[in-house]
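Here's the structure, in structure tokens; my notes come after.
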């Protein structure tokens, strides 16, 4: 146990140092973290063995909840609203076209089976929300024509749609749903995600406005719990949890709440 804690501590210190160095050199911090992961990984210099992919998937899924929530929380709706239509088109139609294009390439050129090709296309059809948020906010890029806002909203909203598309393809491949029922599944994912997200967000606002927590800092814990529940509740009901978390983040981030900063 102590050796694992020591290794974890060393990696955390290395991440902090790499973040400082990368900011000085103008290199995205995420690239530095990827290189650090390669260094410590099973095929790297340190060669830390790891093959528990189920555990890794769960950790990454939990991390994505906070990435989506934080992405929405930091989005300025006053700047995003004028370009919201364009951003949503990019995050929906763009994801479908990208997935379809990659899928057809894999099917006709690489000779992979149709649904496996579509699965590959669905998996890589979205952009990395974390990297886009990090670059736009840390560099404070002054892009014209609302491009920064478009990229921010698009990168935050395309992950839920790419996830939804991946789930649909996996379900069809597993024989769990007929192709004719895909339309309802897509509708349920979007509708439940939006409606439940809005309900949770306004419930959180009501609690934060009308209740005083006995101990300082519990409001932050409450918001953390709201972020997790905004994913869990719609997911259990057949909705898109990541879309819900993003919407809750947008609503809470654009309202005046205690200890927001």
**Candidates 125, 157, filtered to the one that is under 20 Å from residue 94 (Cβ atoms), assigned to a loop (DSSP other than H, G, I, E, B) and at pLDDT 75 or above** = 125
**Item:** Unmet requirement for residue 71, which otherwise passes all of (1) at positive phi; (2) touching a residue at least 12 places away in the same chain (Cβ under 8 Å)
**Value:** (1)
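If we keep just the residues of the stretch 28-45 that are in a loop (DSSP other than H, G, I, E, B) and surrounded by 12 or more Cβ atoms within 10 Å (Cβ to Cβ), which is nearest to the chain's Cα centre (by Cα)? Give the derivation first.
Keep residues of the stretch 28-45 that are in a loop (DSSP other than H, G, I, E, B), which gives 28, 41-45.
Okay, now just the ones that are also surrounded by 12 or more Cβ atoms within 10 Å (Cβ to Cβ), so 28, 41, 44.
Values: 28: 18, 41: 23, 44: 27 Å.
The selected residue is 28.
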**Request:** Would you be able to say whether some residue in the stretch 139-147 is in contact with a helix residue (DSSP H, G or I) (Cβ under 9 Å, 6 or more places away or on another chain), in a helix (DSSP H, G or I), at pLDDT below 85 and farther than 20 Å from residue 185 by Cβ?
**Result:** yes
**Asked** Is one or more of the residues making up the stretch 194-206 part of a helix (DSSP H, G or I), out of contact with any helix residue (DSSP H, G or I) (no Cβ under 6 Å at 6 or more places or on another chain) and modelled with pLDDT under 90?
**Response** no
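Run down 16, 65, 59, 48 and say which single residue is modelled with pLDDT of 80 or more and touching a helix residue (DSSP H, G or I) at 6+ places or on another chain (Cβ under 8 Å). Spell out the reasoning first.
Details: 16 fails: touching a helix residue (DSSP H, G or I) at 6+ places or on another chain (Cβ under 8 Å); 59 fails: touching a helix residue (DSSP H, G or I) at 6+ places or on another chain (Cβ under 8 Å); 48 fails: modelled with pLDDT of 80 or more.
That would be 65, the only listed residue that is modelled with pLDDT of 80 or more and touching a helix residue (DSSP H, G or I) at 6+ places or on another chain (Cβ under 8 Å).
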**Message:** Here is a list: 58, 20. Which entry is closer than 27 Å to residue 242 by Cβ, in a helix (DSSP H, G or I) and out of contact with any strand residue (DSSP E or B) (no Cβ under 7 Å at 6 or more places or on another chain)?
**Reply:** 58
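The values are calculated or read from the model by the stated rules, or taken from the named source; none is laboratory data. None of these values were measured; they are calculated from a predicted model. No Cβ is skipped: glycine too gets one built from the backbone with ideal geometry, and neighbour counts run over all protein chains shown.
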